[in-house]
Amino acid sequence: MIANHFKFVASRADALLSYTRIMQRIQAIDSHTEGEPTRVIVSGGPNLGRGSLRERREIFARDHDDFRRMAVEEPRGSDVLVGAILVDPHEEDCVAGVIFFNNAGVLGMCGHGTIGVARTLAHLGKIKAGTHRLDTPVGVVEFTLRSDDVVEVANVPSRRAHAGIAVNVPGLGVIIGDVAWGGNWFFIAPSPQKIPLQLDRVAELNAHAWSVRGALAAAGITGDDGGEIDHIEFTEPARRADCAWRNFVLCPGGAYDRSPCGTGTCAKIACLAADGKLAPSERVGAESFIGTRFEGWHSIDSRGVVHPTVAGRAWITAEIELLIDPSDPCAAGIPKQ
Ligand code: PYC
């Protein structure tokens, strides 16, 4: 009996050992920023060369889509997860380079993701409280890690491209909203049919936001650079006393943002600034669909350009090793139609 047991243990150990040899191992740190998750790939990611972050993002999108899917999609991730590959920076003085991605593809800028990356760099002991520069495909982004663990992200210049655009949405009628840039293109409007922005209405909100996105595309309504409007933001008055509005943001891959959406908060700030409803340096709270909060403010330069800052907190949730077994039929995620 005892001999048999050892034989069994030995053969399992052999099997595990041979497994260990063929597994590809990728180190990652998971966090969430006011509810919205980020998975930072710390090592084991693809070699993207030493070019600019924009060039490296192209290489990642062109040659490493399996890696993107493996890192954020089921069975290792979910539709809501945003991934971030940490790489050496190309620009001088940057603490790191980063490429964001999700279940729909690669991203330009991601506010909650930048806050998650900042907390991850601190967790890894790579930064201390202070102001740091991050190299991204849309340029260098500065962030400040405060001693109270809040991260302030000086986002890309933001603008309202079109005010009061009317779009006829099948089944919903005419919806009027603003088209604004905050690092992604947003259509910002009140919730159609006055559906309250709360969790028990999420299915309707998701469906309405998809319909609005489709109607915008069908009507040829884009950002002022022709960019696709792939984020839909519904707003209503805040429920928290320390916020000015509450939002629901549908992301490109079909998941809603659990945080108040960093780039969406900046797009909204650009609209408020354009309407003269928010003064430079005035702080404003944005409440997410799940009740968490970002704070934002802006400055305006001599050319009238709005420079928003968004601040929020992130928490580390896991230090993990993703394993890829070549025999796994779902190694690159669950196939999608
Ligand atoms: O925080 O900017 C953001 C963001 C975009 C998509 C998900 N989060």
For this session: Scan the range 57-72 for residues that are out of contact with any Pro (no Cβ under 6 Å at 6 or more places or on another chain) and open to solvent by 10 Å² or more (accessible area, probe 1.4 Å) and jot them down.
Result: Glu58, Ile59, Ala61, Arg62, Asp63, Asp65, Asp66, Arg68, Arg69
Exercise. Pairs under 7 Å by beta carbon, first residue of a type outside the set (S, T, N, Q) in the range 71-89, partner open to solvent by 40 Å² or more (accessible area, probe 1.4 Å), six or more apart or different chains?
Worked result: Glu73/Ile334; Glu74/Ile334; Pro75/Ile334; Val80/Arg258; Leu86/Val42
For this session: Answer with yes or no whether Cys266 is on the phi < 0 side of the Ramachandran plot, in contact with a Gly (Cβ under 8 Å, 6 or more places away or on another chain), in contact (Cβ under 8 Å) with a residue 24 or more places away in the chain and not in a strand (DSSP E or B).
Result: yes
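Any idea which residue in the range 269-291 is most open to solvent (accessible area, probe 1.4 Å), counting only those that are assigned to a loop (DSSP other than H, G, I, E, B) and either among the small types (Gly, Ala, Ser) or within 16 Å of the ligand (Cβ to nearest atom) (or both)? First the steps, then the outcome.
As a first pass, look at the range 269-291 and keep what is assigned to a loop (DSSP other than H, G, I, E, B): 275-283, 288-291.
Subsequent filtering for residues that are either among the small types (Gly, Ala, Ser) or within 16 Å of the ligand (Cβ to nearest atom) (or both) retains 276, 279, 281, 288-291.
Working: Gly276: 67, Ala279: 46, Ser281: 86, Ser288: 0, Phe289: 2, Ile290: 71, Gly291: 24 Å².
Top of the filtered list is Ser281.
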Exercise. Across the range 244-265, what is the number of residues that are away from the ligand (no atom under 14 Å from the Cβ) and either surrounded by 24 or more Cβ atoms within 10 Å (Cβ to Cβ) or under 21 Å from the mean Cα position of the chain (by Cα) (or both)?
Worked result: 2
Problem set entry | Residue check, Glu295 at pLDDT 95 or above and open to solvent by less than 60 Å² (accessible area, probe 1.4 Å) | yes
For this session: Can you run down the residue pairs with Cβ atoms below 9 Å, 6 or more apart or on separate chains, where the first is in the range 140-163 and free of Cβ contacts under 8 Å to residues at least 24 places away in the same chain and in a loop (DSSP other than H, G, I, E, B) and the partner is charged (D, E, K, R) and open to solvent by 60 Å² or more (accessible area, probe 1.4 Å)?
Result: Asp148/Arg313
For this session: Search the range 114-129 for residues that are modelled with pLDDT of 95 or more and pair each with any residue that is basic (Lys, Arg) when their beta-carbon atoms are under 7 Å apart and the residues are at least 6 apart or on different chains.
Result: Ala129/Arg146
Exercise. Only one of these conditions is not met by Gln193: (1) on the phi > 0 side of the Ramachandran plot; (2) outside any helix (DSSP H, G or I). Which number is it?
Worked result: (2)
Exercise. Would the range 145-161 turn up any residue that is of a type in the set (Asp, Glu), closer than 23 Å to Pro280 by Cα and at pLDDT 95 or above?
Worked result: yes
Problem set entry | Where Trp315 falls short, out of the listed (1) open to solvent by 30 Å² or more (accessible area, probe 1.4 Å); (2) outside any loop (DSSP other than H, G, I, E, B); (3) more than 26 Å from Val151 (Cβ to Cβ); (4) away from the ligand (no atom under 15 Å from the Cβ) | (3)
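Yes or no, residue by residue, for (1) hydrophobic (A, V, I, L, M, F, W, C); (2) open to solvent by less than 30 Å² (accessible area, probe 1.4 Å):
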position: Ala104; (1), (2): yes, no
position: Cys110; (1), (2): yes, yes
position: Phe143; (1), (2): yes, yes
position: Val151; (1), (2): yes, yes
position: Arg159; (1), (2): no, no
position: Phe187; (1), (2): yes, yes
Problem set entry | Leading residue by the ranking (modelled with the highest pLDDT) among those in the range 16-41 that are out of contact with any helix residue (DSSP H, G or I) (no Cβ under 9 Å at 6 or more places or on another chain) and not in a strand (DSSP E or B) | Met23
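Would you check if there is a residue in the range 30-43 being open to solvent by 10 Å² or more (accessible area, probe 1.4 Å) and of a type in the set (Ser, Thr, Tyr)?
Quick first cut of the range 30-43, residues open to solvent by 10 Å² or more (accessible area, probe 1.4 Å) only: 30, 32, 35, 37, 39, 42-43.
Those left that are additionally of a type in the set (Ser, Thr, Tyr): 43.
Yes; the residues of the range 30-43 include at least one that is open to solvent by 10 Å² or more (accessible area, probe 1.4 Å) and of a type in the set (Ser, Thr, Tyr).
The values are calculated or read from the model by the stated rules, or taken from the named source; none is laboratory data. For clarity, every value in this text was computed on a predicted model and none was experimentally measured. Positions of Cβ are generated from backbone atoms using ideal geometry, with glycine treated the same way; all protein chains shown enter the neighbour counts. Side chains are part of the model used for accessible areas, which takes the heavy atoms of the whole protein and leaves out ligands, DNA and RNA. Shrake-Rupley method; radii C 1.70, N 1.55, O 1.52, S 1.80 Å.
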